[in-house]
Every structure is written in C-alpha cells, then in structure tokens.
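Only one structure is covered here, and it is reproduced in the block below.
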Amino acid sequence: MKSTITCKIIAIIFIFSIPSYLNSQTDPDHPNILLIIADDLGIDAINGYQNSARLPSTPTLDSLRSVGITFENAWAAPQCTPTRAALMSGKFGIKTGVLRPPGNLDTIHESIFAKLEETTNNAYSDAVIGKWHISNPVNFNHPSEHHIDYFEGFMTGEVDDYFNWEKVINNEAVQIEEYVTTNLTDASINWVNQQNQPWFLWLAYNAAHTPFHLPPSAMHSQGDLSEYEDGMDAMPYYMAAIEAMDFQIGRLLNNMSTEERENTVIIFVGDNGTPNQVAQSPYSNMTAKGSLNQGGINTPLYVSGKGVTRIGVEDCQLITSTDLFATIAQLAGVSVTEINDSKSFVPSLTADVKHRDFQYSERKSQNKDDWTISNGDYKLIVDVNGNEEMYYLKEDPYEANDLLTGTLNENMIEAKALLENELEVIRN
C-alpha cells in the first residue's frame, strides 16, 4: 500500500512539473505561429494596397487587416522558389544559390525549423502543409532533412489539376481527387487539432497559381462561370481562386478555440507578384510576376494576433522576405534579432520604428540575371552586363521614368552611390 501511495504522489508531482508548453497551445510565452503563403498574389490583386479595377471579396483577410498591420512595402523575389528559400533560410538567393525555379535549398543552410528546434528546446511542434518547391531533384525526405516534424503537400511548383493531384504525406505519395485548397485546409485543421503544445504551421497554398480553374461555387462570388478554357478571360477565375483561399482561411481560423486563436500570431504573405496574364494597370505583363519591377516583387504582408498592438495600421517600413526568418524566431522566443540576411520586424508590431535602410531582391532566368535595391525613395536595378535603371519611387511608384535616361542632380548622384555601395556589401 505504501509503495502505491508513493507512486501516486510521484505521478502528481510529475504532472505538475511538466512545462506548460508540453500540454497547452495557449502558453503566453510561446504563441502559436501561423504563416500563410499565397502563391502568385501581388498587391494589385488584394485589398489594402491600391484601387485596382477588379478586386476579390476577401472578408477573412480584410478582418485580419482590420485588427493588425498591413505592411505596404514588403519585397519578395519575383518567382516563388527563391522567396520560399529566403523565408526558410533567412538568406538572399545569392547566398543559397536558389535564384530561380527549380532550385534546391541545401541542408547546409539552417532552416527556421532547425533554428527553433535548436534554440527553444523543442518548445514547438511544427509542420509544413502545402507547396514545397525548394527540392531539386524532388526528394520526399527534403522537409524532414530541414528538421520539419510533419509534411503534407506537394513538392512541385503547381498542381496539374486543382481537383486531381498528387500529395506527399511525409515521404509517401497518394493521389487526391478533392479541391486542393480545401484539402490543404482540412489537413491544417486536423494537424492543429492534434497538437498539445505551442505550434508553428507553415501553410503554403498554391492558390492563386495557375492552372486557372473553376473553384466550388460556395467559395467565391464571381458568378456562374463555365469551366475555364484557354483564350477565355482569366481574371474572374483568378479572383475566384483567391476568394476560395480566403474562404478556407476563414474555416481554419474558425476551427480554433477563442483561447487558441488569441494566442496565435497570423502572418499572411504573397510569394511574388501577380501572373502576367491577369496583371492590372498600372502594372503590365512585363512588370508583374517574373520582373524586378514593383509589380513583380512588392507583395502583400499582413500580421495580426498575439502581441500585435498596432491595430488597422498601414506601415511603410522596408521589409524583405528574408525578414520572416528572424521575425518568426523572435516571436518564438529566440533572443537574436538579426540572423543571416534577416532582420526581425517584431518591434514594428507594437511601435512605429524604422526597420531597414535598404531592401534587396534578385532574379535569374534564361534571359535575365539582375538585381535591385531600394532605400524606399530611390530604386536601382542592375543586370549582369552592367546595364542600370533608376527610379524615384516616392513620385514614380510604377517606374515610368528611368532617371538614368536624363541628367542626375546632386541628390540623385548621392543616392545612386549609396545604393551601389550597399549592393557591394550584399553581393560580395
């Protein structure tokens, strides 16, 4: 009898000595972190930025903006793979070699998941659900090699059919015949519901990437559309895909309890600009996705939830996609605020403070190898052959007037020199 009582006492002591993060998703010292990545979504195709002729109905994202921050000046790479590698590693593509799709993020570059595992004593459970596309050649084990606990999604840049696609669950491929945006949301809901400690979920939708298609009618407001065929106006189908994503994000958030939702930081970001088939004026098919113009690299970024006290704010500080690495790390409790090419913008969640002096992006394709830098006022684009363009974004946000076709004044000359010096630091 004495030994039984002793065992019970020891068990009770053990239960009460377990750290809160091992049995709770609402530990105030370890907020849940939900990173949602939209595919091929520029600022011309979403509310909160500019008054494009056609915008989707996005009540969920509008609600997140209204209780958080809209970052007006966030830069990504002009294509998806380099942006995802930058988010994962906190490094510019010139440092990882991932400059274009397809690309491979080598495991010598520490991932954000490995960083959290190392520095938080495994306080977080984590998952990537959705698009991967930083493994070339495709390697089903690549997510786990980057210290990701759970992977469920697809390895390539797009699905061939939103209703019939191959999904990898950890390292096993299965064929799915369900609308992909719904399926990824279901997977996210199921994974979150299984967690009993703080979590970090990287949810990478493939919406609104091609192929253009007709989402389930209950998820969009684009009317009675027929099945999409080549040559048709792609815009309503693109808008419908965005609306379907918004619908599913709402379903994911509504699945959380009030306590869990209140202890979750929600970050929504686009991976590059709008596809050229549906780019809206003043952008064009030459200055949207794939270009280093603002239409190709200035992407949506909303942050709301736990610890965000600037409500309904539009923030113009310079942000780069690499900055998500250090930001997520700091949110999770990592003390270092600058890692590799990444600088945490957590201070901006509570105060209007300067974040960066410069922002940088780059592109490498079959026809182009160039890079760009801006100090928020001036923007310089340089290619591998030494050709340059320069714009004064404060008065020319759509880059209609290349200053280098005229005579530079003293301020312009000084600004150009500063931009060139910073490029030397970044690229060497």
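So how do D106, D224, D341 rank on accessible area, 1.4 Å probe, biggest first, that is with the largest at the start?
On the way: D106 65, D224 160, D341 25 Å².
Order by accessible area, largest first: D224, D106, D341.
Once you order the gyration tensor axes a ≥ b ≥ c over the Cα atoms, which shape class does the stretch 375-421 get: rounded for a/c under 1.5, otherwise prolate or oblate by comparing a/b with b/c? Rounded shape, in that the Cα axes give a/c under 1.5.
What angle, in degrees between 0 and 90 and rounded to the nearest 10, separates the Cα long axis of helix 80-89 from the longest principal axis of the Cα atoms of the chain? Orientation of helix 80-89: about 50 degrees from the principal axis.
Accessible surface of the chain, 1.4 Å probe: 48 percent of it comes from carbon and sulfur atoms.
Of the GluC sites (Glu not before Pro) in the stretch 141-211, which ones lie in a loop per DSSP and count no more than 11 other C-beta atoms within 10 Å?
Within the stretch 141-211, the qualifying GluC sites (Glu not before Pro) (loop, at most 11 other Cβ atoms within 10 Å) are E177.
Sorted from longest to shortest, the spans of the Cα atoms of the stretch 101-257 along the three principal axes equal 52, 40, 24 Å. The residues neighbouring E110, those whose beta-carbon lies less than 15 Å from its own, together hold a net charge of -4 under the Lys/Arg +1, Asp/Glu -1 convention.
Comparing the chain with the 2.2 N^0.38 Å rule of thumb, its C-alpha radius of gyration ratio is 1.01 (two decimals). Among A218, A123, A74, the residue with the largest mean-square fluctuation in a Gaussian network model of the chain, with springs joining Cα atoms closer than 10 Å, is A218.
Rolling a 1.4 Å probe across all protein chains gives S217 an accessible area of roughly 90 Å². For the chain, the mean residue ellipticity at 222 nm estimated from helices alone is -8500 deg cm²/dmol, where every DSSP H run of n ≥ 4 contributes -39500 (n - 2.57) and the total is divided by all residues, rounded to the nearest 500.
The mean accessible area for residues of the chain, using a 1.4 Å probe and ignoring ligands and nucleic acids, is 42 Å² per residue. Multiplying each eigenvalue of the alpha-carbon gyration tensor of the stretch 285-428 by 5 and taking the square root yields semi-axes of 29, 17, 16 Å, largest first, rounded to whole angstroms.
Spatially, the stretch 165-224 and the stretch 296-352 are offset by 26 Å when compared through their Cα centroids.
Highest mobility in the GNM of the chain, judged by mean-square fluctuation with C-alpha springs under 10 Å and restricted to Q277, Q248, Q194, is found for Q194.
Taking Lys and Arg as +1 and Asp and Glu as -1, the other residues whose beta-carbon sits under 9 Å from that of G305 total +1. Electrostatic tally near I129: other residues with Cβ closer than 12 Å to its Cβ, Lys and Arg +1, Asp and Glu -1, net -2.
Counting only residues at least eight positions apart within a chain, or on another chain, the lysines with an alpha carbon under 23 Å from that of K368 are K91, K95, K289, K379, K416. Take R251: with every protein chain present and a 1.4 Å probe, its accessible area is about 80 Å². Between L105, L214, L403, the residue with the greatest mean-square fluctuation in the GNM of the chain (Cα pairs under 10 Å linked by springs) is L403. Relative to the Cα centre, the charge distribution of the chain, modelled as +1 at Lys and Arg Cβ and -1 at Asp and Glu Cβ, gives a dipole magnitude of about 1200 debye. The radius of gyration of the Cα set in the stretch 226-327, together with its Dmax, comes out at 16.8, 48 angstrom. Per-residue accessible area (protein heavy atoms, 1.4 Å probe) orders F358, F154 as F358, F154, starting from the largest.
Evaluate E = 1/(1 + (r/R0)^6) for R310 and T337, where r is the Cβ-Cβ distance and R0 equals 22 Å; express this FRET efficiency to the nearest 0.05.
Values: r = 18 Å, r/R0 = 0.83.
About 0.75, to the nearest 0.05.
The values are calculated or read from the model by the stated rules, or taken from the named source; none is laboratory data. These numbers come from a predicted model, not from an experiment. Quick reminder, even Gly has a Cβ in these numbers, built from the backbone with ideal geometry, and neighbours come from all protein chains shown. Each accessible area value is taken on the protein alone, full model and side chains, heavy atoms only, with ligands, DNA and RNA left out. Shrake-Rupley method; radii C 1.70, N 1.55, O 1.52, S 1.80 Å.
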